[in-house]
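Okay, so here's the structure we're looking at.
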Amino acid sequence: MIHKLKGHYLDTKHPVIIENLMGIKRTKGSIQRGKKPILINQLKAIIDVINKEKIEEIKKIRDKSIILVGFGGGFRRTELISIDYEDLEFVPEGVKITLRRSKTDQFGEGMTKGLPYFSNETYCPVAHLKKWIKISNIKDGPVFRRFAKGCSLTSNRLTDQSVVLLIKRYLALAGIENKNYSGHSLRSGFATASAESGADERSIMAMTGHKTTQMVRRYIKEANLFKNNALNKIKI
């Protein structure tokens, strides 16, 4: 940066520069440690603890819908709270959710995600979303909204930070240390759990909307740490 400010050109392809950069990389390492993914066991624990909560049924259904749809669609938290009633289309197979814009969709082309029904309704994102739409009587505008005092549903869209707080709260209630989880944990959890179940990178990317394979391959690698472990071949 200083070189640029002084008008000097820094040739980052020069052999000496490359050698120094590689040396720094070797010394400091380059492992990226992100937030933990919410996997199937954590997802079930969250839903189970919400079911046991002594809160109004409408709040339970909203919160479960947020968690399950966020996971099932591999949504970013900003995408999740941006969903409007007009973006939903329930079909016999499940629900189609249209994203009008996302982080990697700079030209506003949009994309549609298809969430199928689960055989187990307790953890089914589509079933819970239908319940939420019915009990909330939402006919237009934001799907996931804030409650006012006294459990009165407002027309105000939830903030993305509200999703983070929701996740952390229910993880804690489920007895799971929550400091290494974030709003991204639903999205990364979907990708990792899908990879563990044998989904290929193209199928995962079709749902998450990743434009490159780099991040998806990290999820797949993480999912296969023990599945394709060479140590499994050793018999002692």
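The dipole here belongs to region 40-223: it is taken about the Cα centre, uses +1 on the Cβ of Lys and Arg and -1 on the Cβ of Asp and Glu, and is about 520 debye. Quick one: Cα centre-to-centre distance for region 58-131 and region 170-236, in angstrom? So the two Cα centres are separated by 20 Å. Once both labels are positioned 7 Å from their Cα atoms along Cα-to-Cβ, the gap between GLN161 and SER197 label points is 3.4 nm. With both labels modelled 7 Å from their Cα along Cα-to-Cβ, the ASP140 to ALA230 distance reads 6.3 nm.
By how many nm would the segment from GLU222 to LEU173 lengthen if fully extended, with 0.36 nm per residue of separation less the alpha-carbon distance? Numbers along the way, then the final one.
On the way: separation 49, 0.36 × 49 = 17.64 nm, distance 2.66 nm.
Contour length minus Cα-Cα distance gives 15.0 nm.
Where a number appears in this text, it was derived from the coordinates with a stated rule and is not lab data. The model shown is predicted, which means the values in this text are computed figures rather than measured ones. Every residue, glycine among them, receives a Cβ derived from its backbone with ideal geometry; neighbour counts consider all protein chains shown.
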